[in-house]
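**Q** Can you keep this structure in mind? I'll have questions shortly.
Each reported figure results from applying straightforward, stated rules to the coordinates on display, with no laboratory input. As the structure is a computational prediction, the values presented were derived from the model and not from experiment. Methodologically, a virtual Cβ is constructed for each residue, glycine included, from the backbone with ideal geometry; neighbour enumeration extends over all protein chains shown.
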């Protein structure tokens with residue numbers, strides 16, 4: 001007999017799960033649409049060349065690869081792969097449809113992605129991302145609107161304490177340059193620095209030593225980036241943080257331009273719902289290799305890791321198109337949002353929790369057709385109606401209704417039939433009453449909203 | 001440079017596509033929920049053993065297989081596979097959660113499936129199915145409600161000419177038994193018969209001969225099944241069709257029980273929205289191997305193939321659970337429904353076709369923050385608002401708005417700012433007017449609904 005568990009790191013979503021997921025994605029979708037983002041969907045499966053080389057070495061290894069079909073299957077060759085994020089497919093689509101898409105294409109996309117990561121608490125191999133991206137403009141307005149949309153989406157879900165951390169890839173590179181770290185060591189230095197909040201300054205220093213990054217350069221990096229973070233400046237004063245790093249990289253053209261860009265994004269985003277949630281964090285690096293400018297990450301105090309992140313990636317579309325198209329985006333992680341909302345009991349009470357509003361009991365096999373007709377009549381008024389399928393004893397049918405939480409049970413027995421009526425039992429109160437059959441729908445709806 | 005086309009047989013859905021798909025799935029979901037079906041979602045990826053052996057030989061070959069990760073990757077071994085339908089995952093879930101699911105578990109599931117079929121017009125390698133299934137009851141009420149839900153879903157989308165064909169696996173087997181066809185030839189005989197509407201009676205006879213199925217037995221099968229179909233009985237008189245086949249299989253216990261079951265389903269379904277669309281079709285076979293009872297298929301005159309189908313499969317859950325759980329389901333095919341609705345122009349005019357209701361022009365880089373604040377104010381009234389990101393000339397901004405179909409363009413220039421007003425240009429009429437900035441949202445909403 002085959003196993004009945006889902007594949008490792010994957011999950012089945014039972015009705016209560018789906019309702020919570022649908023609620024959250026509906027709220028996010030609503031916000032994204034009010035910001036003028038349009039829906040896009042791409043296939044779960046991409047040609048493998050589309051994905052390889054876009055996510056860095058570690059990313060490449062986490063891509064699920066699909067065997068070639070037919071006679072090639074025996075060769076073990078893979079020609080397809082599962083979508084790893086929503087940004088690379090977007091870049092492919094923008095390149096493919098460049099001629100017909102609007103000059104500024106703003107799209108949202110809420111779909112699952114797959115990564116062959118080691119499963120852990122809150123880390124799955126299939127998980128949903130809720131992405132907004134805008135292509136075609138280098139304006140800091142783009143980043144400001146992304147910050148606004150992400151913050152407003154979380155606010156609409158009830159989050160009041162999310163912090164949006166910002167940094168800039170050019171600033172990071174500039175700091176490492178000025179500190180004298182050779183370019184080929186930048187990646188390693190940032191990977192270690194990214195762990196600062198977990199392992200502390202001494203931990204990062206130890207990791208630097210292990211990687212052969214000790215000495216004056218490493219201390220300079222730790223001095224400007226680490227100290228700013230640990231001193232609490234991250235949480236306090238964006239202007240002071242930027243002033244400090246600006247002094248450090250003075251004369252480094254790209255880094256100075258990055259700081260100017262960050263200042264513009266901050267000033268614009270301060271005029272949006274993101275205001276008050278914006279914190280410059282010089283240690284923020286973001287894992288994916290395609291970012292080129294401003295980078296962002298959303299955190300809440302009670303969750304290790306982030307609720308989402310994003311940034312500017314002006315080079316990615318060009319990898320498909322051959323000519324550069326500026327782009328920036330933000331991705332909210334549905335799974336982590338759901339984890340925190342669950343732990344904080346943030347789901348609204350009105351979320352439907354039962355399969356149906358009304359169960360029509362089956363009086364006898366001979367009257368089963370009448371039950372179906374009645375169901376159609378009630379459904380026509382918008383009620384969610386289940387018909388008990390078997391000719392079981394009424395007691396068993398009531399027990400079933402109670403077990404599923406359906407609030408109202410309707411019976412059309414011989415007496416009721418003769419009188420043109422129905423008996424309705426409200427399982428929430430135990431009360432029972434007779435209603436005229438002809439106009440039962442509105443009466444049942446009124447009953448439903450009474451308790 | 002990597003190719004920008006989606007993988008073979010897969011599709012990107014641009015905003016207009018997604019809006020149509022979301023509309024159709026929303027209507028179907030609404031009907032399913034009023035029937036008391038609850039939402040379920042399962043992973044795109046299943047353990048490969050979950051899928052193998054469930055769909056027949058042809059099905060096995062069309063399963064997309066995923067390479068084992070890590071050091072095993074080089075071996076070419078596949079341990080995972082992409083979901084091939086929604087019925088096998090449901091059966092796995094029912095077996096896994098038997099203890100906590102309701103006795104009658106009625107679920108709907110609207111998700112993509114993947115099949116490595118040769119792509120053709122209207123046939124894709126990734127396509128959505130909209131399934132309803134009910135487990136736990138052998139009552140013909142189950143099939144009647146499935147017929148009702150499928151028919152009402154299509155009616156709600158505007159279909160008035162769909163026909164729901166019904167047959168029964170036990171009746172088919174009985175006819176072949178009585179005709180004297182050995183059991184090991186049943187499969188082949190049905191595959192050929194399934195093509196009757198494409199190749200005609202002589203075509204089926206020729207195929208029978210090629211497969212060594214000629215002689216009296218084959219003629220008997222063609223006589224009772226083929227003739228009933230070709231005589232037009234399929235379209236006319238269900239009772240006459242059933243009477244004829246009942247006489248043919250008289251004394252064959254399983255077939256006679258199948259006919260009685262079909263009569264019950266028909267009588268019950270006649271009391272539902274499926275009434276008037278039900279046609280017994282003795283040549284209907286359905287490809288999947290797991291069906292055990294009543295089978296169904298939905299067709300419209302202008303589409304070769306079906307809009308959906310289903311049936312009873314009392315053995316499938318047992319393959320996972322070790323004990324039988326009765327089940328039946330119906331699957332509507334989203335892609336084909338969209339094809340027909342497109343060809344017939346059945347999409348409602350009110351479907352949103354633009355990214356935004358309002359474009360806020362950018363007067364100058366210095367006032368960009370004001371534009372963001374105004375956007376927030378307008379979005380708060382439910383308007384979908386895009387902010388032009390670049391400080392381009394106004395003419396260019398108007399041109400952009402016209403190209404994307406946004407109906408209203410709002411400008412807050414120096415004069416307007418001084419007066420506490422906004423200028424609004426309605427691109428549909430060319431008319432321009434000034435509005436007070438403070439309460440602009442409701443005024444813009446009124447403007448929007450005027451044309």
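**Q** For residue B:123 and residue A:373, FRET efficiency with R0 = 30 Å and r from the beta-carbon atoms, rounded to 0.05?
**A** Working: r = 38 Å, r/R0 = 1.28.
FRET efficiency, residue A:373 to residue B:123: 0.20.
**Q** Points 7 angstrom from Cα along the Cβ direction at residue A:443 and residue A:97: gap in nanometres?
**A** Between residue A:443 and residue A:97, the label points sit 5.2 nm apart.
**Q** Take the Cβ-Cβ distance between residue B:427 and residue B:344 as r, set R0 to 25 Å, and report the resulting FRET efficiency rounded to the nearest 0.05. Each step should come with its number before you reach the end.
**A** Values: r = 30 Å, r/R0 = 1.22.
FRET efficiency, residue B:427 to residue B:344: 0.25.
**Q** Just to check, using Stokes-Einstein with a Kirkwood Rh over alpha carbon pairs, what's the diffusion coefficient of the stretch A:344-383 at 25 °C and 0.890 mPa s in µm²/s?
**A** Details: Rh = 12.4 Å.
Estimated diffusion coefficient is 197 µm²/s.
**Q** For residue A:223, place a label point 7 Å out from Cα along the Cα→Cβ vector, do the same in each other copy, and report the separations in nm, one decimal, smallest first.
**A** Ordered by distance, the counterparts are at 10.2 nm.
**Q** Multiplying the sequence separation of residue A:418 and residue A:198 by 0.36 nm and subtracting their Cα-Cα distance, what value in nm do you get? Each step should come with its number before you reach the end.
**A** On the way: separation 220, 0.36 × 220 = 79.20 nm, distance 7.39 nm.
Length gained, residue A:418 through residue A:198: 71.8 nm.
**Q** Counting other beta carbons within 10 Å of each Cβ, put A:357, A:133, B:415, B:426 in order, fewest first. If you can, show how the numbers build up before the last one.
**A** Values: A:357 22, A:133 25, B:415 11, B:426 17.
So the ranking, lowest neighbour count to highest, is B:415, B:426, A:357, A:133.
**Q** Normalised by the number of residues in the stretch A:358-450, what is the relative contact order in percent for Cα pairs under 8 Å and 6+ residues apart? Don't jump to the answer; show the numbers that get you there.
**A** Numbers: 128 pairs, mean separation 25.7, N = 93.
The value is 28 percent.
**Q** What distance in nm lies between label points placed 7 Å from Cα along the C-beta direction at residue B:263 and residue B:302?
**A** Output for this residue pair reads 3.9 nm.
**Q** On a full-extension model of 0.36 nm per residue, what is the gain between residue A:451 and residue A:191, subtracting their alpha-carbon distance, rounded to one decimal in nm?
**A** Taking 0.36 nm per residue and subtracting the Cα distance, the gain is 88.0 nm.
**Q** Something else about it: In chain A, how does Rg compare with the Kirkwood Rh, expressed as the Rg/Rh ratio over alpha carbon atoms?
**A** Details: Rg = 28.3 Å, Rh = 25.6 Å.
With Rh from the inverse mean 1/r over Cα pairs, Rg/Rh is 1.11.
**Q** Quick one: divide the alpha-carbon radius of gyration of the stretch A:275-328 by 2.2 N^0.38 Å and tell me what you get.
**A** On the way: Rg = 13.5 Å, N = 54, 2.2 N^0.38 = 10.0 Å.
Compactness ratio reported: 1.35.
**Q** Could you state the number of Å between the C-alpha centres of the stretch A:55-113 and the stretch A:148-200?
**A** Comparing the Cα centres of the stretch A:148-200 and the stretch A:55-113, I get a distance of 26 Å.
**Q** Using the 7 Å Cα-to-Cβ label point, sort the distances from residue B:184 to its equivalents in the other copies shortest first and give them in nm to one decimal.
**A** 6.8
**Q** To continue, here is another question. Can you work out which chain B residue has the shortest Cβ-to-axis distance for the rotation that carries B onto A, and give it in Å?
**A** Closest to the axis: B:76, 1.
**Q** While we're looking at this one, here's another question. Output the relative contact order of the stretch A:250-344, whole-number percent, from Cα pairs under 8 angstrom with separation of 6+ residues. If you can, show how the numbers build up before the last one.
**A** Details: 103 pairs, mean separation 16.6, N = 95.
Dividing the mean separation by the residue count of the stretch A:250-344 yields 18 percent.
**Q** What does the extension gain come out to for residue B:206 and residue B:365, with contour length at 0.36 nm per residue minus their alpha carbon separation?
**A** Details: separation 159, 0.36 × 159 = 57.24 nm, distance 7.70 nm.
Extending this stretch completely gives an extra 49.5 nm.
**Q** What ranking of B:350, A:97, A:186 emerges when the number of other C-beta atoms within 10 Å of each C-beta is taken as an exposure proxy, fewest first?
**A** Going from least to most buried by this count: B:350, A:97, A:186.
**Q** A further question follows. For a bin width of 5 Å, list the pair-distance distribution of the stretch A:358-450 built from all Cα-Cα distances, rounded to whole %.
**A** 3, 15, 28, 28, 20, 6, 0
**Q** Shape call for the stretch A:137-209 from the C-alpha gyration tensor, a ≥ b ≥ c root eigenvalues: rounded (a/c under 1.5), prolate (a/b greater than b/c) or oblate?
**A** On the way: a/c = 4.33, a/b = 1.63, b/c = 2.66.
The shape class here is oblate.
**Q** May I pose another question? Using Cα centres only, tell me the gap between the stretch A:123-137 and the stretch A:262-340 in whole Å.
**A** Taking the Cα centre of each part, the stretch A:123-137 and the stretch A:262-340 sit 11 Å apart.
**Q** Next question, about the same structure. Once label points are set 7 Å from the Cα along Cα→Cβ at both residue A:52 and residue A:323, what is their separation, rounded to one decimal in nm?
**A** So the label points at residue A:52 and residue A:323 sit 2.9 nm apart.
**Q** Can I ask one more? At 7 angstrom along the Cα-to-beta-carbon line, where would the label on residue A:243 sit relative to the other copies? Give the distances in nm, shortest first.
**A** Those label-point separations list as 9.8 nm.
**Q** When a footprinting reagent is the concern and you count Cβ atoms within 10 Å, what order do B:416, B:297 take, fewest first? Working shown, then result.
**A** Values: B:416 17, B:297 22.
Sorted ascending by nearby Cβ count, the order is B:416, B:297.
**Q** Restricting attention to the alpha-carbon atoms of the protein assembly as shown, what are Rg (one decimal) and Dmax (integer), both in Å?
**A** Every Cα atom of the protein assembly as shown included, Rg and Dmax give 31.0, 97 Å.
**Q** Shifting gears a bit: In percent, how large is the relative contact order of chain A, given Cα pairs closer than 8 Å and 6 or more residues apart? The partial results should precede the final answer.
**A** On the way: 739 pairs, mean separation 68.3, N = 451.
Answer for chain A is 15 percent.
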